1. Go through (1) open to solvent by 30 Å² or more (accessible area, probe 1.4 Å); (2) under 19 Å from the mean Cα position of the chain (by Cα); (3) β-branched (V, I, T); (4) under 25 Å from R140 (Cα atoms) for V61 and report which single condition fails.
2. Do we find that E23 is over 24 Å from P57 (Cβ atoms) and either surrounded by 10 or more Cβ atoms within 10 Å (Cβ to Cβ) or of a type in the set (S, T, Y) (or both) in this structure?
3. Within the group T178, T182, which residue is at pLDDT 95 or above and closer than 24 Å to L99 by Cβ?
4. Only one of (1) closer than 22 Å to D165 by Cβ; (2) at pLDDT 90 or above; (3) surrounded by 19 or more Cβ atoms within 10 Å (Cβ to Cβ); (4) out of contact with any Gly (no Cβ under 8 Å at 6 or more places or on another chain) is not met by R106, so which one is it?
5. Among the candidates L133, L119, L160, single out the residue that is farther than 23 Å from S87 by Cα and surrounded by 17 or more Cβ atoms within 10 Å (Cβ to Cβ).
6. Pairs needed: first member in region 42-57, over 16 Å from A151 (Cα atoms); second member anywhere, in a loop (DSSP other than H, G, I, E, B) and at pLDDT below 95; C-beta distance under 8 Å; at least 6 residues apart or different chains.
7. Any idea which of (1) assigned to a helix (DSSP H, G or I); (2) at pLDDT 90 or above; (3) open to solvent by less than 50 Å² (accessible area, probe 1.4 Å) is the one D165 doesn't satisfy?
8. Tell me, which residue of region 1-43 that is among the acidic types (D, E) and part of a strand (DSSP E or B) is nearest to E89 (Cα to Cα)?
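The values are calculated or read from the model by the stated rules, or taken from the named source; none is laboratory data. Treat the numbers as computed from the prediction; the structure is a model and nothing was measured. Please note: Cβ atoms are built from the backbone with ideal geometry, for glycine as well, and neighbour counts cover all protein chains shown. Side chains included, ligands, DNA and RNA excluded: accessible areas come from the protein's heavy atoms. Shrake-Rupley method; radii C 1.70, N 1.55, O 1.52, S 1.80 Å.
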Amino acid sequence: MHPATIRTQVTVPLHFPDGYATEARVYSFEGLADGREHLAFGLGDRARPTEPAARRPVPLVRPHSECLTGDVFGSQRCDCGPQLRESVERIADSGGYLLYLRQEGRGIGLYAKLEAYALQDAGLDTYEANLALGHREDERDYTVAAQMLTALGVDRVALLSNNPDKAAQLHRLGITVTERVTTGVFLSPANAGYLATKVTRGDHALDLSFVHD
């Protein structure tokens, strides 16, 4: 894994539609493996870059894959927007980083994701739809996440994710995952099947037992 370096860092105040506000230190990078414009948001104690890293506890980190429809427009077909909102607050409380990764639609891109939605409307699940379009079930690669963390001086993380593949990839890339922290369950009538498929096909740590109560 080739090293990346920090290109720019700047303080940005964040404000969400529900009124929650916090401050982030936003980092861009040079030398990322895929050449895309990924960002790291330092939150909580990591929003204050002057504190020596050695004195800080293991950061809470969420690698969050971009979802234009969910993150920006509030689409109910997934749980991405609520996960993003929850993650920012939890990381701000604990101290750590949100890595915003430009990997729309599990890495297949925005247009292909919408084509996959059309196939899901015809009866396929989210993984089957990707395969039907000639993609892998999940094409996300977390090499850039490991590069970003290394550039930030981080080699140990508490991982805020339900996805075991993120932990496995980071481990292979030299990042120690000290613990996995699950997100909340953000269920809607439109995403119930999607969440269930993430559990059965992707082994995500989501407790959907209450759905049948």
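1. (1)
2. no
3. Of T178, T182, the one residue that is at pLDDT 95 or above and closer than 24 Å to L99 by Cβ is T178.
4. The failed condition is (2).
5. Result of the check over L133, L119, L160: L119.
6. D45/E51; D45/R56
7. Result: D165 passes all but (3).
8. Across region 1-43, the extreme among qualifying residues is E23.
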